[in-house]
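Some notes on the structure that comes next.
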Amino acid sequence: MSEIKSDQILEMSMETNFWTWSAQKNVKPIPVTRAEGVYFWDVNDKRYLDFNSTVMCVNIGHGNKKVIQAMCDQAKELTFAGPQMATRPRALLGKLLKEIVPDNLTRFLYTLGGADANENAIKLARAFTGRPKILTRYRSYHGATAGAIALTGDPRRTAWEPLTMPGVVHFLDPYQYRSTFHRTNPSISEEELALDYLNHLEEIIKYEDPSKIAAVMIEPVTGTNGIIIPPKGYIQGLRKLCDRYEILLIADEVMTGFGRTGKWFALEHWDVKPDIMTMAKGLTSAYAPLGAVAMKEKIAARFDHEAYQGGLTFNGHPVSMAAAIANIEVIRENKLVENSTAMGAQLADILAELKSRHASIGDVRSIGLFGGIELVRNRETREPMAPFNEKSAEMSKLREQLLEKGLFLYTHWNILLIVPPLIINEQELNEGLSIIDQALEITDSVVVT
């Protein structure tokens, strides 16, 4: 590779790259040169605390030598094998996954990431049931490919309508802080909230004809659209609804999997098993591209004597699978699921304390190391600091201040997302939250009381 100087990285990237999720003339990328642990550095050697695991994926932190070595060793032994070939990494990863996924999921279809995992999950559900319709939630995000964006409920979908994949019906999320059904009764119990939203879903199921519905797909904990944690009884009730109408339950654990919520997979919090589960991101901690669809044996058996019409050139890429194997071993050896629980408890305590001191914080939510701070202009009216699907001067200024102070995180409309690597310790967590604490003076200053 031709060598370029660090100060050329940004200029040359801007000349040739087409940036996703961005207006090309407005993009301001950080020119990154290296990363280690929970930090990364730019070309000026400025250090950033990575409070978003970069894209909610580097669960084991940056620069883990065991994973890097496993990838190098695999590249030397067998760089590539076709999707119809059996390899040592393919055999070992399947064995490891069976040890950590819900025990009713026994077969795995490998993909490149979360979007194509979700698309294959839909193909499997439709083929297995013989039904065309898929139900997903409005605040969901399931990927940006043609089928995955149709599954997505949030406004990233509408930019590409009319969509090429028909048959997707959306329903409302059980979002207690902004519940559509309880604006005049915000103090409703979690159990009552869950029941109302389950009744809402069942009504939609009846309107859409249960005999036409293949699956309900959910993020067990809604991710970028607000870290919305389901109320007590909701997930169990959803499983019962699916069973009642013989509808498959698909769990999109792309963001919530591999320890993010304090369990290997988020559905474990509610002791519920899906029929199909998708994963990516934390599967390799982003050291290499890889996704997977885990399914029940009877779903796989649908294709025992009939070809599955789907596939990818890089299905089961040996280097990616070697990264996944080493990544799972690192999570186990370093007890990162347990650390997510322990640091998650600390995160919850500090978020509650921040809410008590900052007038612009309307709500805080977290489960494990998966948290969000929802900012408002008025706690009584709950007017968001930025309107739905829009930016605001205050939110932009807040993120700029956080970056200036060396904290990297994502904002989504009026919500700060807190998704650090699972290796984070108490000092590093406090470092990031202290920067947020100081920067919230920006949003506090515009609160109407």
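Every read-out reported here was derived from the displayed coordinates using simple, explicitly stated rules and does not represent laboratory data. In this text the structure is predicted, and so the values were computed from the model without any measurement. Neighbour counts run over all protein chains shown; Cβ positions are idealised from the backbone, glycine included.
Miscellaneous remarks
- Highest average packing first - 184-190, 166-172, Cβ atoms within 10 Å: 166-172, 184-190
- Too-long pairs where the Cα-Cα distance tops 27 Å, listed order kept, from LYS240/LYS298; LYS240/LYS391; LYS355/LYS391; LYS206/LYS281; LYS28/LYS65; LYS25/LYS46: LYS240/LYS391; LYS206/LYS281; LYS28/LYS65
- Relative contact order of the chain, taken over Cα pairs closer than 8 Å and 6 or more residues apart, is 21 percent.
- For the peptides 364-373, 27-36, 226-235, the ranking by packing is 364-373, 226-235, 27-36, with the highest mean count of neighbouring Cβ atoms within 10 Å listed first.
- Cα shape, the chain, gyration tensor, a/c 1.5 rule: oblate
- Gaussian network model of the chain, Cα within-10 Å springs - most flexible of PRO132, PRO220, PRO387: PRO387
- With each label modelled as a point 7 angstrom along the Cα→C-beta vector, the ASN199-ALA144 pair spans 4.0 nm.
- Separation between Cα centres of the stretch 108-132 and the stretch 297-348, rounded to whole Å: 15 Å
- Take the Cα of PHE314, step 7 Å toward its Cβ, do the same at ARG47, and the gap between the two points is 3.2 nm.
- Ordering ILE100, GLN84, MET71 by the projection of their Cα atoms onto the charge dipole of the stretch 53-106, which places +1 on the Cβ of Lys and Arg and -1 on the Cβ of Asp and Glu, puts MET71 at the extreme positive end.
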